[in-house]
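Following: one structure in structure tokens, then a few remarks.
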């Protein structure tokens, strides 16, 4: 291998890693706040890419139907629960959040499609359309078992991923998409061409993860989110609702995953089921960070990206085997460095 | 007018009843203490009042039943629990811990003035405001837990074993603070194993044994009760 | 239900299975074949996930290893399918053993995440190794033959499949009701409990893991020779989830539930394939997985218990059979009264900057009851955990019977004669009293996994049973040995823990706040029991908060406060010690 090839592989790997960073940080955020290991973030990223592709072609994306259906289910569940607990006063608010807001988003996007808005607007439309999905899924799927063990939540999360893949096919169809490049420029550094797309990916990864850190450090709601992650009971005793903190976390996480979907769509062809590998590889990065540390997660995700890039050069058939096998030594190393309390699963 | 009235409350874990048919009440602006041995159900009772544990029976706050309110609703109404385990946010600074104590304040401008009041009450916290809560000593942690609770302008403070694991000198300081809170108009339910200190501070006392109230009366009377002295106060 | 009735029902069930090919259509038979094949995997999963609590997302990969092994051996190299079975089983169990050695020290969800990782890695391997046919797989796998008789028809292999299922059910059932099985069923109570009983938790996990891979391997072998073709698809992550679903729908830790779950999932999948296109026009096959996943999620939300435990509630409970009298388990000779049993010297434990136990020295002598007291937060519990090996010392030393405990694991300390109880009672609520106490006999018995599964252990099992019954009677719980432990009152549960500890034939009994939460009368009975144990030369260390209880009972007292020992002596002196008054009895000026 020449140093040129190594440099190209390295740059490619860093760009891939930057994509993983966005998804991985969302995963860590959700896990710390809600204890859910949200496997479907990869699917959210893929759905964003598919949504953007449909918008590019002036078609109505399947996401519109998906969000509408989920909003109806979530609103029904919420209202049903409130009626059973006889908390009638809370029904209007519940309907606003679970039904009206998502449907407003759906309607707004739907109304904008025929106007053929420019690319930045289309990206914004795709992102805003994708953001309600995970909070709604949280309401439908995870909240009824919020007190379950991490393991139970994990099993449900894996099952949810499979449901989403099926829904993806139903709402988006089997065709793969590749969106138009966000930029066509490229720069030459020391004889190596770096595409503008790669730079954009890196910039976006830095901007969004940096933004998240600022949000944690400088806003009361950001601090409340961190507090919930550190000590749930303590947070509840301060009047911070873990469910609400969870919703904020899901929204933010979806935004990050959505951005990664937008960024990856011009580089790779995205199918309805492409999210799984994306999500899982990001997840390997998140585990390197111990599912807790954001800088660790970022480094881990970068490492996975670079490893994958070099592995695919040597033996592209085995790159996934290599990445996932890597998880075992990482978990072992983690189990010696992370102190976790013994979780006892009683029946 | 009692601020809190607990009526025939029972709490069970699976099949074991940890609190059985407990009734007690707290008058506005008073300190009421519940004393009793380890495992008597004191903490369970506190968790039931704040809503972290489900209970049978009725709990009224300002005459309004709390049964339909969850923990966050109760906190929003002015109840505040300082739990036995403190439940601080260890990886956050003292300042942020206090700030989150005021999370529920409608009037955000009170955050600053309340923080000043807490710092005046516990100057040690002002010195350490940048330090992580996890690096504080036991006494400082208890001060922080109390301070964090005071940030929300509570009407009824539930204190679970505030003297737990603290050196006598600090215990004295904590109880002085508790007594001074009464002056500020806060009603307090105090659960303690340190029976003597609790009874010296409180207006009224209940004795809880194996989940049941076995005795109650004005604190001044209880502290002179022969049987209690023998069991909890370590002889004469 | 009597034992004979259970046998009758089991025989009837076997006859039904045997008679099925004579009445059912070829299609139904094919379904039954698949149900049988899936049941085998699910039975393994019930053992590892349902019973021991290790959630495996990778079981399909184990099936795949065996399927590919036999396909490689038979289709590509022309060996006999039986050699393929041997290869498949050996290979699968070796891989499981290796993965287990690597990953089973992980805790909780980290362990399950690792199963996703190796499950994926192995299934990607199938699709990418050139000599395994990559994504095309391996075709023309020969049928299984017995002698020269080839099992070509689906009813022929049907008998083979279900013979394996019946055998797996019986072996798994035997195993669960043996010494190792009881240990497996205890793992969900946490490693601390398991190790305190002298059981090597890691070893039990490893055994469970390999045992679970065994039926999966057989299933893979049968699958390859039934469909006569292997490709990567049936061994991917999605299938692992389906297996998990079968094991969980059938019921928590229920062996029969595995078959029920496999049948349920297979039939449901089949009917979804049939009816979904009618309900939703143009529904693609993928909608099937949506419906499936949705149902699974709904199941996990609403009815986690599973089918079989739900049905079982309405059935009469089996009447247990009391085993015949058997030889007594051997006993230790208790050391001479007065010898130093436990010797803590300058023991120290720090957590970060906090010193929880600060240079504490004391000893426990044979035949006495020593009370370790102090206010909450004084470091008693930490001290307790140091003595029993649950925590490691930062400095100093603790010796038990002359040997340092510092380098020994918790279960090794327990095996050497330290038995403990827990402040927050740790019993197996769904096991009977007698089973809970039999757990205590683990270090005194030897039956391994193999002897347990084949029931070659009846003598020892009977000895353990009678030892447990003896201990139950000794503490006053002998009248209802088949009651579930979860149904007892807190007081009785504490006493049951003591019986379990006694069943280990300990030299030193360590009790963590045994009086907490007890009624006055229960406390008196407990004190009475402890006194009678002392009169039988048992040494007892009591960590307690309740002064009244301790004062009247113990021979000597060690008082701790803020991590340090502040006083030691007979109860009368301790009560009058000024420092104790100040620290413990809460004197505030």
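The values are calculated or read from the model by the stated rules, or taken from the named source; none is laboratory data. The structure presented is a predicted model; accordingly, all values stated were derived computationally and were not measured. Ideal geometry is used to build each Cβ from the backbone, glycine not excepted, and the neighbour counts take in all protein chains shown.
Yes or no: residue C:250 crowded, with 18+ Cβ neighbours inside 10 Å and at pLDDT 90 or above? Against the criterion (crowded, with 18+ Cβ neighbours inside 10 Å and at pLDDT 90 or above), residue C:250 does not qualify.
Would you please list the contacts, defined by Cβ atoms under 8 Å and residues six or more apart or on different chains, that run from a residue in the stretch A:138-160 that is more than 7 Å from chain C (Cβ to nearest Cβ) to a residue that is at pLDDT below 85 and in a loop (DSSP other than H, G, I, E, B)? From residues that are more than 7 Å from chain C (Cβ to nearest Cβ), the pairs are A:149/A:343; A:149/A:345. When the stretch C:206-241 is filtered for residues that are within 14 Å of chain A (Cβ to nearest Cβ) and surrounded by fewer than 24 Cβ atoms within 10 Å (Cβ to Cβ), the ones remaining, listed by number, are C:232, C:233, C:236, C:237, C:238, C:239, C:241.
Somewhere in the stretch C:25-33, is a residue assigned to a loop (DSSP other than H, G, I, E, B) and at pLDDT below 90? Scanning the stretch C:25-33 turns up at least one residue that is assigned to a loop (DSSP other than H, G, I, E, B) and at pLDDT below 90. Considering only residues in the stretch C:547-556 that are surrounded by fewer than 21 Cβ atoms within 10 Å (Cβ to Cβ) and in a loop (DSSP other than H, G, I, E, B), the one that is nearest to the other protein chains (Cβ to nearest Cβ) turns out to be C:552.
Scanning the stretch C:397-404 for residues that are modelled with pLDDT under 90 and assigned to a loop (DSSP other than H, G, I, E, B) turns up at least one hit. Of all residues in the stretch B:102-113, those being in a loop (DSSP other than H, G, I, E, B) and at the interface with chain A (Cβ under 10 Å from one of its Cβ atoms) number 5.
It is to be established whether one or more residues within the stretch C:506-521 are part of a helix (DSSP H, G or I) and crowded, with 21+ Cβ neighbours inside 10 Å.
No.
Taking the numbered list (1) at positive phi; (2) more than 8 Å from chain C (Cβ to nearest Cβ) in turn, residue B:210 passes all entries but (2). Can we say residue C:439 is without any contact (Cβ under 8 Å) to a residue 60 or more places away in the chain, under 18 Å from residue C:191 (Cβ atoms) and either away from chain B (no Cβ under 14 Å) or assigned to a helix (DSSP H, G or I) (or both)? So residue C:439 does not fit the description; no. Regarding residue A:165, is this residue within 14 Å of chain C (Cβ to nearest Cβ), in a helix (DSSP H, G or I) and without any contact (Cβ under 8 Å) to a residue 60 or more places away in the chain? No: the conditions fail for residue A:165.
Among residues belonging to the stretch C:510-528 that are more than 10 Å from chain B (Cβ to nearest Cβ) and touching a helix residue (DSSP H, G or I) at 6+ places or on another chain (Cβ under 6 Å), point out the one that is farthest from residue B:38 (Cα to Cα). Checking each candidate, the answer is C:512. Considering only the stretch C:271-299, state which residues are modelled with pLDDT of 85 or more and in contact with a helix residue (DSSP H, G or I) (Cβ under 9 Å, 6 or more places away or on another chain). If the condition is that a residue be modelled with pLDDT of 85 or more and in contact with a helix residue (DSSP H, G or I) (Cβ under 9 Å, 6 or more places away or on another chain), then C:293, C:294, C:295, C:296, C:297, C:299 are the ones that fit. Within the stretch B:176-192, if we keep just the residues that are crowded, with 21+ Cβ neighbours inside 10 Å and within 13 Å of another protein chain (Cβ to nearest Cβ), the residue that is farthest from residue B:62 (Cα to Cα) turns out to be B:192. Can you confirm whether the stretch B:77-86 contains a residue that is touching a strand residue (DSSP E or B) at 6+ places or on another chain (Cβ under 6 Å), surrounded by fewer than 23 Cβ atoms within 10 Å (Cβ to Cβ) and modelled with pLDDT under 90? The answer is yes; a qualifying residue exists. Conditions first: (1) more than 25 Å from the chain's Cα centre (by Cα); (2) buried (at least 23 other Cβ atoms within 10 Å of the Cβ); (3) assigned to a helix (DSSP H, G or I). Residue C:497 passes all but one, so which condition is the exception? Every listed condition holds for residue C:497 apart from (1). Name the pairs: first residue in the stretch C:375-386 and more than 9 Å from chain B (Cβ to nearest Cβ) and under 13 Å from residue C:423 (Cα atoms), second residue buried (at least 22 other Cβ atoms within 10 Å of the Cβ) and modelled with pLDDT under 85, Cβ to Cβ under 7 Å, at least 6 apart or on different chains? As it stands, the answer is C:380/C:374, since those pairs meet every condition given. Scan the stretch A:83-123 for residues that are without any contact (Cβ under 8 Å) to a residue 40 or more places away in the chain and outside any helix (DSSP H, G or I) and the total you get is 5.
If you scan the stretch C:194-205, which residues turn out to be within 14 Å of another protein chain (Cβ to nearest Cβ) and buried (at least 21 other Cβ atoms within 10 Å of the Cβ)?
Pass one, the stretch C:194-205, residues within 14 Å of another protein chain (Cβ to nearest Cβ): C:194-196, C:201-202, C:205.
Those that are within 14 Å of another protein chain (Cβ to nearest Cβ) and buried (at least 21 other Cβ atoms within 10 Å of the Cβ): C:194, C:195, C:196, C:201, C:205.
Filtering C:50, C:97, C:36 for residues that are crowded, with 20+ Cβ neighbours inside 10 Å, at pLDDT 90 or above and in a helix (DSSP H, G or I) leaves a single hit, C:36. Which of the residues spanning the stretch B:141-169 are surrounded by 18 or more Cβ atoms within 10 Å (Cβ to Cβ) and under 15 Å from residue C:377 (Cβ atoms)? Within the stretch B:141-169, B:141, B:142, B:145, B:160, B:161, B:162, B:163, B:164, B:165, B:166 meet the criteria. As a summary of the residue check, residue A:48 satisfies the conditions (1) within 14 Å of chain B (Cβ to nearest Cβ); (2) at pLDDT 90 or above; (3) buried (at least 17 other Cβ atoms within 10 Å of the Cβ) except for the one numbered (1). Within the stretch C:134-141, does at least one residue satisfy the condition of being on the phi > 0 side of the Ramachandran plot and within 14 Å of another protein chain (Cβ to nearest Cβ)? Looking for residues that are on the phi > 0 side of the Ramachandran plot and within 14 Å of another protein chain (Cβ to nearest Cβ), one finds at least one in the stretch C:134-141, hence yes. Screening residue C:467 against (1) more than 24 Å from residue C:380 (Cβ to Cβ); (2) at pLDDT 90 or above; (3) in contact with a helix residue (DSSP H, G or I) (Cβ under 7 Å, 6 or more places away or on another chain) leaves a single unmet condition, (3).
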